[in-house]
Each structure stands twice: as C-alpha cells, then as structure tokens.
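Participant: This is the structure, below, for whatever I ask next.
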Amino acid sequence: MGKIDPTSPVPKYFQLREILLDLIEDAELPVDAPIPSERELCQRYRLSRMTVRQAVDHLVTEGRLYRVPGKGTFVARPKIEMPLRLVSFTEDMRARGLEPGARDLDRRTTPANAHLARVFDVPPGTGVHVIERLRTADGEPMAVERSHIPLTVAPGLPDTPLSDASLYDVLETRFGIVFDAGEQTIEAGIADTADARLLDLARGSAVLLLQRRSFMNGTCVELAVSTYRADRYQLHSALEIPR
Ligand code: GLP
C-alpha cells in the first residue's frame with residue numbers, strides 16, 4: 001500500500017492522487033468499483049478532508065473517477081486513445097471490440113461559402129452536403145461529427161441513406177472514393193449546450209475539437225468538424241528524437 005511522505009516537497013493531495021492511480025492501474029480498484037469514502041481515506045492516510053477532496057476532485061476532472069450523487073465515487077473506464085491514423089469511426093471501434101453506432105442528427109445541402117470553396121477548391125455556391133451524426137460505442141455517446149462533402153465528388157450523396165452505415169464505406173462503394181491522405185487538428189474546448197446534451201455531459205465540460213481533412217489524389221473530399229468527449233478520449237504519440 002502506498003504511503004504519504006509528509007517530508008516530501010510533492011503536495012500531499014498529489015501523493016494521494018498517485019496512490020489512487022496505482023490502485024486503479026493494478027486493478028485493486030477495478031472499473032466501476034467504489035473508491036473508499038472520504039472519511040476512510042482521511043483515516044488511512046492521515047490527511048485532512050480538504051486534501052482528500054482535492055485529490056479526488058482532480059481524478060474526477062481527469063476522467064479517472066466519476067461521481068454518482070448519493071452513491072459515491074467510482075473508477076471510470078480507461079480512456080480511448082484517439083487514433084492518429086486515417087481510419088473511420090466504424091473501423092476504429094470494431095478494432096477495439098466495441099459496437100459502432102450513428103444517429104443522424106441533420107442532413108442538408110448548402111452552397112459553399114468562401115471558406116468551404118477554398119477547402120474543397122470549388123467555386124463558391126457549389127453544393128456541399130453536410131451530415132451531422134452522433135457517434136456511439138456500445139450505445140454510449142462518444143462524439144458529434146459534422147462531415148462536409150462537396151457534391152462534385154459524391155453527387156447522389158443527399159439521397160443515400162446512412163443510418164448506422166459507415167460513411168467511409170458508402171463513399172467507397174457508391175462513389176469510388178478511397179482516401180489516400182489526411183490531416184487533423186485537435187484543440188481543447190468547452191461543450192456548448194447542444195453538444196453537452198447529446199454527449200451526456202454537464203454543461204461546460206471539456207471536449208476535444210477536431211478538424212479533419214481527408215484527401216483523394218490531392219483533392220479534399222471531406223472536412224469533418226467534430227466534438228469528442230475529453231473524459232473518454234486521450235492522445236498518445238511516440239516522440240521523435242530531433243536530429
Ligand atoms: C472518423 C472521422 C470523420 C469521419 C468518420 C467516418 O470519425 N473523424 O471525419 O467522417 O470517421 O466514420 P464512419 O465511416 O464510421 O461513418
């Protein structure tokens with residue numbers, strides 16, 4: 001069992017945070033298990049209530065623990081590593097053994113404004129089909145995705161039903177689109193009211209804002225602007241040695 005070192009320069013709440021994380025990592029505190037009560041933690045580690053609360057609050061904010069009002073604080077599932085490869089949501093979820101899902105929120109065709117015209121290299125006013133979907137994994141909401149695709153590359157798209165189907169599969173089988181390059185930016189953000197409701201988050205929760213451009217033969221075919229749950233996703237990347 002980890003111990004708090006009162007002589008250490010590391011703040012005590014941080015030491016407790018590390019102890020709890022070790023217990024989670026070693027599965028001594030498994031997923032969905034309750035953590036000991038505040039009082040027990042205070043006694044076991046000889047800490048003040050404020051220090052214990054600070055450690056637990058941190059872990060809740062980081063998405064490692066979750067609170068159920070009136071019940072206690074529990075161990076959250078490990079976060080999903082955001083893929084830094086050009087894969088579809090469907091492929092990514094299946095590779096993790098999770099069942100991908102999609103709920104259509106909105107579909108519309110709009111004339112390209114100056115920004116979209118530039119992104120897709122089409123004249124302003126060209127039709128762009130917008131598909132807004134709530135993406136789920138084993139039924140749990142994970143992301144709101146807004147895909148923009150110019151009709152020049154997929155003319156019949158507005159009449160193509162999607163429901164649970166993979167957009168990338170439909171683009172390949174119906175329109176012969178196979179992506180060969182992509183780029184993505186990821187930023188921190190705060191869920192707006194609509195996205196918070198869709199994603200089952202408290203208003204003002206942290207989210208990850210993604211913009212992905214996917215290309216075929218040097219032409220941008222999809223611009224996706226998405227909101228991902230920051231409590232369910234994390235980023236991991238190898239670090240290159242500078243030369
Ligand atoms: C990822 C990308 C989106 C893309 C989606 C397609 O989530 N971020 O840009 O639209 O995959 O997924 P699917 O083929 O499952 O509909």
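The values are calculated or read from the model by the stated rules, or taken from the named source; none is laboratory data. In this text the structure is predicted, and so the values were computed from the model without any measurement. FYI the Cβ positions are ideal-geometry reconstructions off the backbone, even for glycines, and counts take in every protein chain you see. Please note that ligands, DNA and RNA were not included when accessible areas were found on the heavy atoms of the full protein model with its side chains. Shrake-Rupley method; radii C 1.70, N 1.55, O 1.52, S 1.80 Å.
Participant: Cβ-Cβ below 7 Å, separation at least six or inter-chain, first residue in region 167-193 and near the ligand (Cβ under 10 Å from one of its atoms), second of a type in the set (A, V, I, L, M, F, W, C) and in a loop (DSSP other than H, G, I, E, B): which pairs?
Facilitator: Filtered contacts from region 167-193: Val170/Leu162; Leu171/Ala154; Leu171/Ile177; Glu172/Val178; Phe179/Leu86; Gly182/Leu86.
Participant: Looking only at region 22-43, which residues are assigned to a helix (DSSP H, G or I), in contact (Cβ under 8 Å) with a residue 12 or more places away in the chain and either closer than 17 Å to Arg232 by Cα or open to solvent by 50 Å² or more (accessible area, probe 1.4 Å) (or both)?
Facilitator: Asp22, Ile24, Glu38
Participant: Can I ask one more? Tell me which residues, restricted to region 113-157, are under 27 Å from the mean Cα position of the chain (by Cα) and outside any strand (DSSP E or B).
Facilitator: Scanning region 113-157 gives His115, Leu116, Val119, Phe120, Asp138, Gly139, Leu157.
Participant: Okay, next question. Here is a check on your reading of the model: is Ile131 farther than 25 Å from Asp200 by Cα and within 11 Å of the ligand (Cβ to nearest atom)?
Facilitator: In short, no.
Participant: So, one more: Leu105: touching a residue at least 60 places away in the same chain (Cβ under 8 Å), within 16 Å of the ligand (Cβ to nearest atom), over 14 Å from the mean Cα position of the chain (by Cα) and open to solvent by 20 Å² or more (accessible area, probe 1.4 Å), yes or no?
Facilitator: yes
Participant: I need a count of the residues in region 157-181 that are in contact with a Phe, Trp or Tyr (Cβ under 8 Å, 6 or more places away or on another chain) and either on the phi > 0 side of the Ramachandran plot or surrounded by fewer than 16 Cβ atoms within 10 Å (Cβ to Cβ) (or both).
Facilitator: Looking only at that region, the number is 2.
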